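Participant: I am attaching a structure below and will ask some questions about it afterwards.
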Amino acid sequence: MRTTIDGAGRIVVPKALREAMRLQPGQLVDIAFTDGRLEIEVASTPVTLEDEDGFPVLVPQEEVPPLTTATVREVLEATRR
């Protein structure tokens, strides 16, 4: 896919790619220059490790959208293709 860079240096991520990556407006992404390429990844959610009844539990430091049945089905279908 091709896209453009505007005068402020912003790159428009085409809608099909935003949907495939489930990117939302205002969402944080990590960008890196590696081997002559720009790589964009969804930023990881910061977590803390807590003890709950003797078991380690990762707790997100930010609000995380709920995991829905529809999302699970989408991911399963995409990985099975």
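Participant: Which residues, counting only those in region 45-58, are loosely packed, with under 10 Cβ neighbours inside 10 Å and in contact (Cβ under 8 Å) with a residue 12 or more places away in the chain?
Facilitator: Correct list: P46, T48.
Participant: Oh, and also: Report whether or not V12 is on the phi < 0 side of the Ramachandran plot, aliphatic (A, V, I, L, M), without any contact (Cβ under 8 Å) to a residue 60 or more places away in the chain and in contact with a strand residue (DSSP E or B) (Cβ under 6 Å, 6 or more places away or on another chain).
Facilitator: Values: on the phi < 0 side of the Ramachandran plot: yes; aliphatic (A, V, I, L, M): yes; without any contact (Cβ under 8 Å) to a residue 60 or more places away in the chain: yes; in contact with a strand residue (DSSP E or B) (Cβ under 6 Å, 6 or more places away or on another chain): no.
So V12 does not fit the description; no.
Participant: Can you tell me which residues in region 33-44 are surrounded by 10 or more Cβ atoms within 10 Å (Cβ to Cβ) and either farther than 28 Å from I11 by Cβ or among the aliphatic types (A, V, I, L, M) (or both)? Please lay out each step first, then the result.
Facilitator: Let us first name the residues in region 33-44 that are surrounded by 10 or more Cβ atoms within 10 Å (Cβ to Cβ), namely 39-43.
Once the filter is applied, which keeps residues that are surrounded by 10 or more Cβ atoms within 10 Å (Cβ to Cβ) and either farther than 28 Å from I11 by Cβ or among the aliphatic types (A, V, I, L, M) (or both), region 33-44 yields I40, V42, A43.
Values in this text are rule-based calculations from the coordinates and carry no lab data. Computed from a predicted model, the values in this text were never measured in an experiment. Neighbour counts are summed over all protein chains in view; Cβ atoms, including those assigned to glycine, are modelled from backbone coordinates with ideal geometry.
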